[in-house]
Structure formats: structure tokens, C-alpha cells
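Just below is one structure, and these are the notes that go with it.
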Amino acid sequence: MGKAKILIVDDEKIILMAFVKELKTAGYEVLKAMTGNEAIEIARKEKFDIVFTDLVMPEMNGVEVCKRIKEIRPETEVVLISGHPEEIQKFQMDFIDAGGREEWLRKPLGQDELPETAKKIMKEIEEKKIKYG
């Protein structure tokens, strides 16, 4: 199974850099964006297996990021990350309707939670490829 190419979207630079470091250390190819618009521009140029996006961001929230990325790259798996559980409750169905995954990650993340989630998703992707060709 190949390593995933992952895009991380978070407007908090320290969190973004920590996520990037954790995933790169686990052997993943990682790109980053600090805004939804930046993420969309990157998605137009690059193909990703997984996008991890923060929910609460200026300009464009994680639901809109998901919707726009799925329009460009429908095969990409998009996972929501948030430290605001009340916002997750408010937007989770919209996120799923936009094509995002039902599961979501709550900040602060546990040790290895991000790479383990990526590993699980990549396993699902590989199983689908085997099953459906």
C-alpha cells in the first residue's frame, strides 16, 4: 500500500505546522494551506488522497472547503478537524452532504491520531481499488 498524499488546511500556523510535521514523520507526502482559498488553488494543481480541514476558519469554513474540493477532486477523502464541538454539531450534516466523511477529529488530537486516521483511510481506499478495480 502506497503512502498517501495529504493536504492539511488550518488557519492556525502552529497547529498547521505540528500536523504537517507529524504526518511527514509518519512518511506521508504533505502540503499545507492556511486558508480555504489557498486549499482550492492547490487542489486545482495537485491530486490528494486525503484532505484534513479545520472547520472554523475566516473566509471559508471547512464545509465550503470540502464542497469545493469535492467538485474539483471527487475521489479525495475529506476529514473535518475542529476544537469546537458545538460547531461540529451545527455543521456535520452539511459537511457529509458536501461529500465529507462522517468521522471527524477533535482538537487537541491525541498522539498519532492524525497518521493513524490517514492509515485507516488509505487502507479503505486500497480495499475499494481491489474490490472495484
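The values are calculated or read from the model by the stated rules, or taken from the named source; none is laboratory data. Everything numeric in this text was worked out from a predicted model, so none of it was measured. So basically every Cβ, Gly included, is an ideal-geometry build from the backbone, and we count neighbours across all protein chains shown. These accessible areas exclude ligands, DNA and RNA; they are computed on the full protein's heavy atoms, side chains included. Shrake-Rupley method; radii C 1.70, N 1.55, O 1.52, S 1.80 Å.
Once both labels are modelled 7 Å past Cα along the beta-carbon direction, what's the I96-E29 spacing in nm?
For the pair I96/E29, the computed spacing is 3.3 nm.
Given 0.36 nm per residue, what is the gain on full extension from I14 to D112 after removing their alpha carbon distance, in nm?
33.6 nm
What does the charge dipole of the chain about its Cα centre add up to, to the nearest 20 debye, if the Cβ of each Lys and Arg holds +1 and the Cβ of each Asp and Glu holds -1?
Here the size comes out at about 540 debye.
If the cut-off is 17 Å between C-alpha atoms, which aspartates and glutamates fall inside it for K21, apart from same-chain ones fewer than 8 positions away?
D10, D11, E12, E29, D54, D112, E113, E116
Could you provide, to the nearest whole Å², the per residue accessible area of the chain with probe 1.4 Å?
55 Å²
Would you mind estimating how fast the stretch 56-105 diffuses translationally, via Stokes-Einstein at 25 °C and 0.890 mPa s with the Kirkwood radius over Cα pairs, in µm²/s?
Roughly 227 µm²/s, to the nearest whole number.
Toward the positive end of the charge dipole of the chain, about the Cα centre and with charges on Cβ (Lys, Arg +1; Asp, Glu -1), which of I50, V65, F91 goes farthest?
After comparing all options, I get I50.
Determine the alpha carbon to alpha carbon distance for each of K24/K45; K5/K90; K107/K131; K5/K128; K32/K131 and list only those over 25 Å.
Beyond 25 Å: K5/K90; K107/K131; K32/K131.
At 37 °C and 0.692 mPa s, what whole-number value in µm²/s does Stokes-Einstein give for the translational diffusion of the chain, with Rh from the Kirkwood sum over Cα pairs?
225 µm²/s
So how exposed is E41, as accessible area in Å² (1.4 Å probe, rounded to 10)?
90 Å²
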